[in-house]
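K.L.:
Starting off with a structure, shown below.
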Amino acid sequence: MPALTVPLGDRSYPIHIGDGLLGDAALLAAVLPARRIAVVTNDIVGPLYAPRLQATWAAAGATPLLEIVLPDGERHKTLPTVSRILDTLVANRFARDDLVVALGGGVVGDMAGFAAACYQRGIGFVQMPTTLLAQVDSSVGGKTGVNHPGGKNLIGAFHQPRAVIADTATLATLPPRELRAGLAEVVKHALICDAAFFSWLEANADALLALDPAALAHAVHRCCTIKAGVVSRDERETGERALLNLGHTFGHAIEQVTGFGPWLHGEAVGVGLAMAAGMSQRAGWLPAADAARLDALLARLGLRTEARGAVTPQAARAAMQLDKKVQGGRVRLVLLKGIGQAFVTADWPTDAFDDTLQEHLA
C-alpha cells in the first residue's frame, strides 16, 4: 500500500503499511538515518523479530542495532522500566542525532516513545508496531507515557515519531486473544466517524479473525487514515482528538481496578464501547438498533461486553474520577448519537450513567 502521511508541518511523518516491511532494507535505510539506533522490544517480540530486523539492517551495510529487551506486559509499563531504557542510552552515550526504535506492541511503543521524549529533552524515534492494536492505534499520534497506581497513562508526553512501519506479516504470530483485543480498537475507529467502515467490519469479521492478509491490511490502512486525519487537526487533544477516547474512560477504569494485568487494553476497551453505547441509548441519543449492532459485532469478534465479577460499579466510579478527562469534577465522556457519530460531553444524565455501571459491572 502507498504510505500515508500524518501532516504536522515540519513534524509530518509517513505511515508505511505492508507485508514483509521488516525485510525491506531500502525502506529501513530511508527511515532510520542515524549514527546509532537502539531497538526497544520485549522478551516475547524480541526473539521473533529482532533477528530479522538485525539481518535486514546488516544487509544495508549499517552497524548492528543496540537491543534493549524489556519484560512483557502492561504491569511493567512504569517509570522504573523506562529508567532501564534511559540508563542504557546514557551508558552508550547516545546523542540527539541518534534514534530509538519501538519494536513491539502498544506498551513497548508508549515506553520507548516516552524515553525518547525525555532523553536529552527529546531524540527521534520510529514506531515498528507488531500487534494489531498498536498498528491501528497506539503507534500513530505521538502519545507516549506510563501508568501510575492512580490511573492509566497519567505520566507521559506528546512526542511524534519520525515514521511508523506497520509490517502486517507480524500479525501471523499474534495470539488469538491479542488479535481480538486489537479488533476492539478497529471497531472504535468505525464507531467514531465511519458508518460504512462499521458495515464493512460486520461483513468481514470472519476474515479478520482468520488473519486474512487483505482484510487486515484494509483495516489497518483505514484506521490509520482516520487517526492521521484527527491528529493533524488536533494534535494535543484540545478538541476533536478526544473522540479517539471512545470506550476508554470506562475501559481504563477496568484496567486500573484490576491492576493492569488480567485485562488486555483492547478487551477493556471492548467493554467500554458497549458501555458507552448502552449509556447513549439510555440517555435517548443512540437508537436501540445501533447499540444492538455493536453488541452483536463485539460478540462475533469474541469480545466481552461486560466485566461483571471483575470490577464493581463503586470501584469503577472512583477510578473514573481520576481520569485525565475530568474537568471541574465532572467526567467528560465520549458517547454516540449513531454509528459513526461520536461526541464528547460532560452534560450526561446521572441515572443513565449509574444504570450503565450496574448493567455491565454489578
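Readers should treat all values here as calculations from the given coordinates under stated rules, not as data from a laboratory. Fair warning: this is a prediction, and the values are worked out from it, not measured in the lab. Please note: Cβ atoms are built from the backbone with ideal geometry, for glycine as well, and neighbour counts cover all protein chains shown.
K.L.:
Under 10 Å, Cα contacts only: if you run a Gaussian network model on the chain, which one of Gln54, Gln314, Gln127 comes out with the highest mean-square fluctuation?
P.N.:
Of Gln54, Gln314, Gln127, the most mobile in the Gaussian network model is Gln314.
K.L.:
I would also like to ask the following. Quick one: check the C-alpha center-to-center distance for region 297-362 versus region 228-274, whole angstrom.
P.N.:
With region 297-362 and region 228-274 each reduced to a Cα centre, they are spaced 11 Å.
K.L.:
Obtain the nm distance between the two label points defined at Gln321 and Leu8 by a simple spin-label model: each point lies 7 Å from its Cα along the Cα-to-C-beta direction.
P.N.:
Roughly 3.4 nm, to one decimal.
K.L.:
Taking a virtual spin label 7 Å from the Cα of Leu48 along the C-beta vector, which residues in region 209-251 bring their backbone nitrogen under 18 Å of it?
P.N.:
Counting backbone N atoms under 18 Å from the label point, the list is 209-214, 216-217, 220.
K.L.:
Under 1.5 on a/c is rounded, so check that first for region 271-321, then, if it is not, pick prolate when a/b is larger than b/c and oblate when it is not; a ≥ b ≥ c are the square roots of the alpha carbon gyration tensor eigenvalues. Write down the numbers at each step before the final one.
P.N.:
Numbers: a/c = 3.10, a/b = 1.32, b/c = 2.35.
Cα axes put region 271-321 in the oblate bin.
K.L.:
Whose amide H sits under 5 Å from the amide H of Gly247, counting only residues 5 or more places off or on another chain, with H placed in the peptide plane?
P.N.:
Val334
K.L.:
Among the DSSP beta bridges whose two residues both lie in the chain, what percent are antiparallel, rounded to the nearest 5? Intermediate values should be presented prior to the final figure.
P.N.:
Values: 15 of 36 bridges.
About 40 percent, rounded to the nearest 5.
K.L.:
7 Å from Cα along Cα→Cβ at both Ala203 and Glu240: what's the point-to-point distance in nm?
P.N.:
About 2.6 nm separates the two model spin labels.
K.L.:
If you don't mind, there's one more thing I want to ask. Taking the inverse of the average 1/r across all pairs of different Cα atoms in region 176-361, what Kirkwood radius in Å do you get?
P.N.:
With all distinct Cα pairs of region 176-361 included, I get 16.4 Å.
K.L.:
Name the residue, out of Ile155, Ile15, Ile165, whose mean-square fluctuation peaks in a Gaussian network model built on the chain with Cα pairs under 10 Å.
P.N.:
Of the options given, Ile155 has the highest mean-square fluctuation.
K.L.:
Kirkwood Rh and Cα-based Rg: tell me the resulting Rg over Rh for region 99-188, rounded to two decimals.
P.N.:
Values: Rg = 12.9 Å, Rh = 13.2 Å.
In region 99-188, Rg relative to Rh is 0.98.
K.L.:
I want to check the label-to-label distance for Ala60 and Arg93. Put each point 7 Å from Cα in the C-beta direction and report it in nm to one decimal.
P.N.:
Rounded to a tenth, the inter-label distance reads 2.4 nm.
K.L.:
Specify the angular offset, from 0 to 90 degrees and rounded to the nearest 10, of the alpha carbon long axis of helix 176-193 from the longest principal axis of the alpha carbons in the chain.
P.N.:
Once rounded, one gets 70 degrees.
K.L.:
Okay, next question. Positive end of the charge dipole of the chain (Lys, Arg +1 and Asp, Glu -1 on Cβ, about the Cα centre): tell me which of Leu333, Leu201, Ala190 has its Cα farthest that way.
P.N.:
Leu333
K.L.:
At 0.36 nm per residue, minus the direct Cα-Cα distance, what do Gln358 and Arg233 gain on full extension? Give it in nm, one decimal, please.
P.N.:
Numbers: separation 125, 0.36 × 125 = 45.00 nm, distance 3.65 nm.
Between Gln358 and Arg233, full extension yields an extra 41.4 nm.
K.L.:
Report, to the nearest 10°, how far helix 45-59 tilts away from the longest principal axis of the Cα atoms in the chain, using its own Cα long axis and a range of 0 to 90°.
P.N.:
It works out to around 40 degrees.
K.L.:
Using +1 on the beta carbon of Lys and Arg, -1 on that of Asp and Glu, and nothing else charged, what's the dipole of region 4-173 about the Cα centre, debye to 20?
P.N.:
On the way: 13 positive and 13 negative charges, 96 e Å.
The calculation lands at about 460 debye.
K.L.:
Related question: Out of all DSSP beta bridges in region 4-173, what portion is antiparallel? Express it as a percent rounded to 5.
P.N.:
Values: 8 of 29 bridges.
Beta bridges within region 4-173, antiparallel portion: roughly 30 percent.
K.L.:
Most mobile of Thr258, Thr350, Thr168 per a Gaussian network model of the chain (Cα springs, under 10 Å)?
P.N.:
Thr350
K.L.:
Please give me, ordered by residue number, the GluC sites (Glu not before Pro) of region 233-271 that lie in loop per DSSP and have at most 12 other Cβ atoms within 10 Å. Kindly include the intermediate steps, with their values, before the conclusion.
P.N.:
On the way: sites: Glu235, Glu237, Glu240, Glu255, Glu267; in loops: Glu235, Glu237.
Sparse-neighbourhood loop GluC sites (Glu not before Pro): none present.
K.L.:
A follow-up question, please. Would you mind calculating the relative contact order of the chain from Cα pairs under 8 angstrom and at least 6 residues apart, reporting the percent as a whole number?
P.N.:
Dividing the mean separation by the residue count of the chain yields 15 percent.
K.L.:
Hey, another quick one. For the chain, build the charge dipole from Cβ charges (+1 Lys, Arg; -1 Asp, Glu) around the Cα centre, then report which of Ala316, Ala115, Met279 sits farthest towards its positive end.
P.N.:
Ala115
K.L.:
Still on this structure: Quick check on the exposure proxy: order Asp43, Asp234 from fewest to most C-beta atoms within 10 angstrom.
P.N.:
Values: Asp43 11, Asp234 15.
In order of increasing Cβ crowding within 10 Å: Asp43, Asp234.
K.L.:
Which trypsin sites (Lys or Arg not before Pro) does region 6-105 hold that lie in a coil by DSSP with at most 14 other beta carbons within 10 Å?
P.N.:
Details: sites: Arg11, Arg35, Arg36, Arg52, Arg75, Lys77, Arg84, Arg93, Arg96; in loops: Arg35, Arg36, Lys77, Arg93, Arg96.
Here the sparse-neighbourhood loop sites are Arg35, Arg93, Arg96.
K.L.:
Shape of the chain from its Cα gyration tensor (a ≥ b ≥ c, root eigenvalues): rounded if a/c is under 1.5, otherwise prolate when a/b > b/c, or oblate?
P.N.:
Working: a/c = 1.89, a/b = 1.54, b/c = 1.22.
It is prolate, given that a/c is not under 1.5 and a/b is the larger ratio.
K.L.:
From the square roots a ≥ b ≥ c of the eigenvalues of the alpha-carbon gyration tensor of region 4-173, which class results: rounded (a/c under 1.5), prolate (a/b over b/c), or oblate? Intermediate values should be presented prior to the final figure.
P.N.:
Details: a/c = 1.29, a/b = 1.24, b/c = 1.05.
Rounded.
K.L.:
Helix 213-233: angle to the longest alpha-carbon principal axis of the chain, degrees 0 to 90, nearest 10?
P.N.:
Once rounded, the angle reads 80 degrees.
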